[in-house]
1. Convert 4 °C to kelvin, take the viscosity as 1.567 mPa s, use the Kirkwood radius over C-alpha pairs of the stretch 3-62 as Rh, and evaluate the Stokes-Einstein diffusion coefficient in µm²/s, rounded to a whole number.
2. Over all directions, how big on average is the projection of the convex hull of the alpha-carbon atoms in the stretch 69-176, in square nanometres?
3. To the nearest 500 deg cm²/dmol, what mean residue ellipticity at 222 nm is calculated for the chain from DSSP H runs of n ≥ 4 alone, each contributing -39,500 (n - 2.57), summed and divided by the residues?
4. Determine the equivalent ellipsoid of the stretch 6-102 by diagonalising the alpha-carbon gyration tensor, then write out the semi-axes as square roots of 5 times the eigenvalues, largest first, rounded to whole Å.
5. What are the residues whose amide H is under 5 Å from the amide H of residue 149, where those residues sit 5 or more places off or on another chain and H is modelled from the backbone?
6. Roughly how many whole Å is it from the C-alpha centroid of the stretch 1-55 to that of the stretch 130-180?
7. For residue 13, go through the lysines and keep the ones whose alpha-carbon is under 19 Å away, minus same-chain ones fewer than eight residues off.
8. Fewest to most neighbouring Cβ within 10 Å: what's the order for 120, 96?
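Read the figures in this text as sums done on the coordinates, not as results from a lab. In this text the structure is predicted, and so the values were computed from the model without any measurement. All Cβ positions, even for glycine, are placed from backbone atoms using ideal geometry, and neighbour counts span all protein chains on display.
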Amino acid sequence: MEMSEKIKTRRKKLGLTLKVLAEKVGCTDAYISQIETGKAVPSISVLKKIASALDSQVGELLSDEQTKDKIFLSKEERTQIIYPESHIFAELLVSKISNKSMEPLYKVIPVGCGSMKDHKHVGEEFGYVLKGKLELNIGGQKRILEPGDSFYFSSSLPHSYRNVGDVDVETIWVVSPPVL
C-alpha cells in the first residue's frame, strides 16, 4: 500500500475529516487531499506531523507491507525521501524501519544545500562520506569531511551540516534509533 493510501485509510479509521487532520497538521484540507491522492508529496516535517496526528510513525507510513521481512533490498526497491525545503534526497537502505533499531540512509546533499538549522534528538549518528565535501557542525565543533572520512556523535548535541564543495555530497548515514 502506498503512503498516500495509508494516510487516507488511517485517517478514516480514526474518524477524522480532511479538515480536522489539516488543522492538527497546520495546513489546508486541500493539501491533505492532494497528499492522499498522490498529487503532492509532503516534506519530512509535514509527514512527521501527519504521523503524529494519526497516532502513527513516519516509518509505518513509508514502509511497503510487501517488503516487511526482506533481508536483501535492491536499489529499485528502496523508499525514496525528498526534503523539498532543502533539495536533499535520501533512500532508506532497509525495507522497513518501524521494527529496526537503526535508520540507515544513502543521502545526497546538493551543492550549497544542508540542514536548515541545528537539530538535536535522542540517539546516535554515524556516517561515511562517499563523495564531495561535507561540513559538519557538532556541538560547536566544525569540520570539513571528504571522501573516506567518517563521523560518529551523540544526536543529543546540536548538529547541522552542509555541502561546501562543488559536487553533490553522497553519504551513508545511520541514525539510531530511527527518527523517520
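1. 119 µm²/s
2. Numbers: hull surface 27.3 nm².
Spelled out: convex hull of the Cα atoms, projected over all directions, averaged, 6.8 nm².
3. Details: 5 runs with 42 residues, N = 180.
Using -39500 (n - 2.57) per qualifying helix, the result is -6500 deg cm²/dmol.
4. Details: eigenvalues 121, 49, 25 Å².
Its equivalent ellipsoid spans semi-axes of 25, 16, 11 Å.
5. Placed amide hydrogens put 129 under 5 Å from residue 149.
6. So the two Cα centres are separated by 31 Å.
7. Partners within reach: 24, 48, 49.
8. Working: 120 13, 96 19.
Ordered from fewest to most neighbouring Cβ atoms within 10 Å, 120, 96 come out as 120, 96.
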